[in-house]
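Taking it in order: structure first as structure tokens, then the write-up.
The values are calculated or read from the model by the stated rules, or taken from the named source; none is laboratory data. All figures in this text were calculated on a predicted structure; none of them were measured in a lab. Every residue, glycine among them, receives a Cβ derived from its backbone with ideal geometry; neighbour counts consider all protein chains shown. All accessible areas refer to the heavy atoms of the entire protein, side chains included, with ligands and DNA or RNA removed. Shrake-Rupley method; radii C 1.70, N 1.55, O 1.52, S 1.80 Å.
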Amino acid sequence: MVPEDGVSKIETALKGMTLNHEDIVEKIKEVFKKYGIQSPGIPAEDFADAIMKLKEYTEKYPPELRPFAEPEGKE
Amino acid sequence: MENWRLIDLGMAEPYVAQCFYEAVALAIDRGLSPNTIILVQPASPYVCLGYHQILEKEVDVEFCKKQGLPIIRRSQGGGTVYLNNDQVFYQVVASEDSKVIPHRVDELFEKLLQVTVYVYRKLGLEAEFKPLNDVVVNNRKISGNGAGRIGKAIILVGNIILDLDYDLMARVLKIPDEKFRDKMAKSMREWVTSLKRELGYIPSVDEIKKLLVEGYEKILGIKLIPSSPSEDELHIFENEVKPKHMSYEWLHMPELTHRELTIDRAVKIADGVKVIEVVHKAKKLIKVTAEVIGDKIFGYYDYWRLLYGS
């Protein structure tokens with residue numbers, strides 16, 4: 001990636017976002033455009049695929065073991 | 001035809017070999033220096049860590065200390081490598097105003113690595129450019145390359161590999177289980193090669209440098225004028241570049257700025273907050289370490305490493 005610290009721009013932009021593939025792709029493309037970041041061979045979709053694996057992981061936890069608080073009344 | 005400067009630093013101490021081009025890039029960005037190609041060999045061995053890598057996770061720091069091997073974090077991505085005088089480095093640093101340098105990174109690699117291919121072919125090997133940034137012989141990588149940018153200066157750095165010490169390359173890496181070291185060295189033998197291995201001998205460094213100069217002049221259509229570093233560049237190197245690279249903060253940069261990186265896999269760090277590490281194989285490995293709350297990203301960091309032969 002050029003510049004190499006473009007990664008931190010993506011990080012900042014994605015903080016607080018919900019794990020939704022389409023939204024993440026769109027946001028990363030927006031960051032690439034805004035800062036002129038080049039990431040040859042690794043398109044925004046690949047980053048989004050990687051990030052979405054987080055969701056798979058959180059979903060693998062049985063509800064009683066989920067380490068994050070669930071809203072009241074929901075599983 | 002553009003006139004460029006050629007600086008042959010000969011054998012230089014590791015910090016000069018690895019980082020001096022950054023001083024040239026800063027000088028070019030400040031309008032103090034012309035477009036430049038640097039040729040250099042490290043005078044002594046060192047370990048070079050990728051920009052995004054975490055020192056303690058990637059490098060056997062104790063071993064390096066015992067061996068007196070300096071550890072230097074480079075400004076480009078990629079994996080940890082052991083480097084010594086068995087490599088000839090080329091470092092191309094040019095202003096974005098140059099007519100012969102592509103601005104797109106993929107085009108930059110494609111154009112400039114034609115020179116690397118030219119050198120290996122002149123030495124009798126069937127070298128080929130392999131996108132994005134490799135040069136291969138018989139499907140084995142024979143040159144590592146990276147690109148960067150400092151202000152207006154566009155940078156491409158890479159090496160001609162004379163010989164490789166596979167066992168030492170594997171030895172400097174941090175490996176969870178010692179049994180993996182032999183496998184790691186074996187895997188490197190499978191995917192990375194050198195002039196000595198392919199030709200059965202190491203051509204003279206003077207010959208290699210002559211071919212590099214020929215190649216850059218032909219392929220870029222430039223004239224290279226032999227010269228030396230300027231006072232400005234030496235000053236920038238001593239006062240800005242070297243202190244940065246020698247600092248604790250730079251060497252430990254990812255973990256200091258992202259403390260969650262020191263945590264493995266999925267760990268609950270507080271009620272409702274956990275840190276997860278996932279790896280995704282795209283064209284390169286993408287590793288994501290994220291602080292997640294529910295299905296929201298709270299803070300995350302990613303980096304990717306070069307997969308040999310990927």
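Here are the numbers for the structure shown:
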{"read-out": "Peptide B:99-112 - average C-beta neighbours from other chains (10 Å radius)", "value": "2"}
{"read-out": "Cross-link table B:Lys65/B:Lys284; B:Lys122/B:Lys218; B:Lys111/B:Lys284; A:Lys33/B:Lys218; B:Lys111/B:Lys196; A:Lys29/A:Lys53, entries beyond 24 Å C-alpha to C-alpha", "value": "B:Lys65/B:Lys284; A:Lys33/B:Lys218; B:Lys111/B:Lys196"}
{"read-out": "Net charge, B:Leu211 excluded, C-beta distance under 15 Å - Lys, Arg +1, Asp, Glu -1", "value": "0"}
{"read-out": "Highest-first arrangement of B:139-150, A:2-13, where packing means the average Cβ count within 10 Å", "value": "B:139-150, A:2-13"}
{"read-out": "Local electrostatic count at B:Gly221 - Lys and Arg +1, Asp and Glu -1, tallied over other residues with Cβ under 10 Å", "value": "+1"}
{"read-out": "Binned Cα-Cα distance frequencies in region A:6-61 - 5 Å width, integer %", "value": "4, 19, 32, 24, 12, 5, 2, 1"}
{"read-out": "Gyration tensor (Cα) of region B:1-150, equivalent ellipsoid semi-axes in angstrom", "value": "26, 20, 15"}
{"read-out": "Relative contact order of region B:2-251, pairs being alpha-carbon contacts under 8 Å that are 6 or more residues apart, as %", "value": "26"}
{"read-out": "Candidate aspartates and glutamates for bridging to A:Lys34, where Cα separation is under 20 Å - those fewer than 8 sequence places away on the same chain excluded", "value": "A:Glu4, A:Asp5, A:Glu11, A:Glu22, A:Asp23, A:Glu26, A:Glu45, A:Asp46, B:Glu96, B:Asp106, B:Asp302"}
{"read-out": "Other protein chain Cβ atoms within 10 Å, averaged over every residue that makes up A:14-25", "value": "3"}
{"read-out": "Among B:38-49, B:94-105, the order from most to least packed when residues are scored by Cβ within 10 Å on average", "value": "B:38-49, B:94-105"}
{"read-out": "Cα lying deepest toward the dipole's positive end in chain B, options B:Tyr15, B:Leu55, B:Ile72, charges on Cβ", "value": "B:Leu55"}
{"read-out": "FRET efficiency, 1/(1 + (r/R0)^6) with R0 30 Å, evaluated for B:Gln67 and B:Ser204 via beta carbons", "value": "0.60"}
{"read-out": "Acute angle (nearest 10 degrees) that the helix B:205-220 long axis makes with the longest principal axis of chain B, alpha-carbon atoms", "value": "90"}
{"read-out": "Protection proxy ranking of A:43-50, B:223-230, B:199-206 - average other beta-carbon atoms within 10 Å, highest first", "value": "A:43-50, B:223-230, B:199-206"}
{"read-out": "Shape of region B:2-251, Cα gyration tensor, a/c cut at 1.5", "value": "oblate"}
{"read-out": "Binned Cα-Cα distance frequencies in the protein assembly as shown - 10 Å width, integer %", "value": "5, 22, 31, 25, 12, 4, 1, 0"}
{"read-out": "Interface burial for A against B (accessible surface, 1.4 Å probe, total of both chains, Å², rounded to 100)", "value": "3300"}
{"read-out": "Positive minus negative residues near B:Arg149 (Lys, Arg vs Asp, Glu; Cβ under 15 Å)", "value": "-3"}
{"read-out": "Rounded to 10°, Cα long-axis angle of helix B:180-191 versus longest principal axis of chain B", "value": "40"}
{"read-out": "Per-residue average of Cβ from other chains inside 10 Å of A:43-49", "value": "3"}
{"read-out": "Modelled label reach - B:Val100, point 7 Å along Cα→Cβ, region B:213-229 residues with backbone N closer than 15 Å", "value": "B:213-227"}
{"read-out": "Extension reserve of the B:Leu251-B:Glu231 stretch, reckoned as 0.36 nm per residue once the Cα distance is removed", "value": "4.5 nm"}
{"read-out": "Acute angle (nearest 10 degrees) that the helix B:14-29 long axis makes with the longest principal axis of chain B, alpha-carbon atoms", "value": "70"}
